[in-house]
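The values are calculated or read from the model by the stated rules, or taken from the named source; none is laboratory data. These figures come from a predicted structure and were not determined experimentally. In this analysis, Cβ positions are derived from the backbone assuming ideal geometry, glycine residues included, and neighbour counts consider all displayed protein chains. Ligands, DNA and RNA are excluded from the accessible area calculation, which covers all protein heavy atoms including side chains. Shrake-Rupley method; radii C 1.70, N 1.55, O 1.52, S 1.80 Å.
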Amino acid sequence: MPVRKRFGQHFLHDEAVIGRIVEAIDPRPGERIVEIGPGRGALTWPLLARAGRLEVIEIDRDLAAALQADARGTDRLEVRVQDALRTDFAALRGEGVKLRIVGNLPYNISTPLMFHLLAARTAIADMHFMLQKEVVDRIVAAPGGKDYGRLGVMLSIYATAERLFEVGRGAFQPAPNVISAVLRLSPEEARYPALAAQGAAGERRLQRVVTAAFSQRRKTLRNSLRGLVEPRDMEACGIDPRWRAEVLAPAQFVQLAVRAITMDR
Ligand code: SAM
């Protein structure tokens, strides 16, 4: 079967790495585990063996058909041929237990896919992803460093992120150009009640504030947030307008967005 580059296909073949990932996920019977991009089944079969049932979402029809035809699956493996970016995960969960999401993700869609999943976070118990190491470093970065930025701040609003371990290029076939790492994301439903109270408008405002602050990260907040947050409102939040984006904790971005939106009303 051809390797389809446009689908970001790099297949895991290192048994030790596969074992470590499955161990970190620790699948149990009764859980609803959904694997995104099962490919040739490197994670699928050990996950199925532990969980007893598994659902997979695969965009490549040929790979999906091969999994469907595999005798190890029978009625315990449910294969959906679809684009995970267009999957309605809240509908997929329905009335049942929350989903556990797993995926060695195609790196070109990993960021939009994480945001797509976090938009459905009330339907999700946790997520384990293989990602490009640099992306994981940015997601877990603490304020103050060069890796700290928009991606980490925005994800931290909705989830707790843990970097589990690195995976070298040789674990994949074909080998990617980059080192990978495994990330665990545990959605948090009510981390910032003041933001939640503002609904979708609050989320949009936060997005604009964080994007503006980091798109000109060398500038002071007074300059990068001109027209979005007034300096006096920064001060009211205990934030000095001469500071730069990288020193603000996620909670302080939330404070700024909530303050700005309330002052507009
Ligand atoms: N899980 C397998 C493994 O570890 O060997 C394959 C991982 S490979 C990096 C990514 C997989 O995601 C491929 O099977 C690819 O066809 C699939 N894929 C790519 N884009 C997708 C999408 N939008 N929705 C669902 N699956 C996708």
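For this structure, a couple of remarks:
- Restricted to the stretch 230-258, and to residues there that are more than 27 Å from Asp147 (Cβ to Cβ) and in contact (Cβ under 8 Å) with a residue 24 or more places away in the chain, the residue that is surrounded by the fewest Cβ atoms within 10 Å (Cβ to Cβ) is Glu230.
- Number of positions in the stretch 13-37 that are within 15 Å of the ligand (Cβ to nearest atom) and either of a type in the set (Asp, Glu) or touching a strand residue (DSSP E or B) at 6+ places or on another chain (Cβ under 8 Å) (or both): 15
- In this structure, Glu58 does satisfy being under 21 Å from Val3 (Cβ atoms), open to solvent by less than 20 Å² (accessible area, probe 1.4 Å) and out of contact with any Phe, Trp or Tyr (no Cβ under 7 Å at 6 or more places or on another chain).
- Options Arg208, Arg204, Arg150; residue that is basic (Lys, Arg), within 20 Å of Leu228 (Cα to Cα), over 19 Å from the mean Cα position of the chain (by Cα) and open to solvent by 60 Å² or more (accessible area, probe 1.4 Å): Arg208
- Filter result for Ala42 (among the aliphatic types (A, V, I, L, M), in a loop (DSSP other than H, G, I, E, B) and crowded, with 17+ Cβ neighbours inside 10 Å): yes
- Listed here are the helices (runs of 4 or more DSSP H) enclosed by the stretch 59-128 that have at least 1 residues being over 30 Å from Gly199 (Cβ atoms) and away from the ligand (no atom under 15 Å from the Cβ): 61-69.
- Pairs where the first residue, in the stretch 28-39, is on the phi < 0 side of the Ramachandran plot and the second is in a loop (DSSP other than H, G, I, E, B) and within 16 Å of the ligand (Cβ to nearest atom), C-beta under 7 Å, 6+ apart: Ile33/Pro27; Glu35/Leu43; Ile36/Leu105
- Residue check, Arg40 within 8 Å of the ligand (Cβ to nearest atom), in the same structural domain as Phe115 (by TED's automatic domain parsing) and farther than 19 Å from Leu113 by Cβ: yes
- Any hit, the stretch 153-165, residues being over 25 Å from Ile59 (Cβ atoms), within 16 Å of the ligand (Cβ to nearest atom) and not assigned by TED's automatic domain parsing to the domain that holds Lys219: yes
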